[in-house]
Amino acid sequence: MGTAEAKAAIIANKTALGIEFGSTRIKAVLTDEDNQVIAIGNYDWENQLDGHIWTYSLDAIWAGLQGCYADLTARVKAEYNTDVETIGAIGFSGMMHGLSLIHI
C-alpha cells in the first residue's frame, strides 16, 4: 500500500484498530479495509504483585492504553501528515492467562 492510499483510508475512516494487552507490552495496529498495515504503536508495561496476585492496576491499564494509542497516532501523523479522527472498527484482545475487566 502506498502512502496516498493509506492516508485516504485514514481520512475516509476506512480503518480498523486492533489492540492487544500482552504481559509485557500493549500493541496496536491500524489497518485498511484490505487488512494492510497502516501504522503500529506500542507501550511497555509491567505487572505488579498485589496481595499475592500478579496483576495490573486500573490506572496502569488506562495509562497503557492511552500511551499505546498516542504512539500509534504520532506515527500516523509523522508518516502520513494527518490525524486519526475516527476509526471504522476496533477490537481488543488480552493475554491468554489473564483477564482485566473495566467498567466504563
(request) For residues that are open to solvent by 50 Å² or more (accessible area, probe 1.4 Å) and free of Cβ contacts under 8 Å to residues at least 40 places away in the same chain, scanning just the stretch 63-82, find the one that is nearest to Ile11 (Cα to Cα). (result) Lys77
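Tell me, which strands (runs of 3 or more DSSP E) wholly within the stretch 4-104 include 1 or more residues that are at positive phi and over 16 Å from the mean Cα position of the chain (by Cα)?
Working: elements: 15-21, 25-32, 37-44, 48-50, 53-55, 89-94.
Counting at least 1 such residues, we get no strands (runs of 3 or more DSSP E) at all.
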(request) Output the number of the condition that Ile38 fails; it satisfies all remaining conditions of (1) touching a Ser or Thr at 6+ places or on another chain (Cβ under 8 Å); (2) open to solvent by 20 Å² or more (accessible area, probe 1.4 Å). (result) (2)
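The values are calculated or read from the model by the stated rules, or taken from the named source; none is laboratory data. The model shown is predicted, which means the values in this text are computed figures rather than measured ones. All Cβ positions, even for glycine, are placed from backbone atoms using ideal geometry, and neighbour counts span all protein chains on display. For the accessible areas, the whole protein counts, side chains as well, though only heavy atoms, and no ligand, DNA or RNA atoms are used. Shrake-Rupley method; radii C 1.70, N 1.55, O 1.52, S 1.80 Å.
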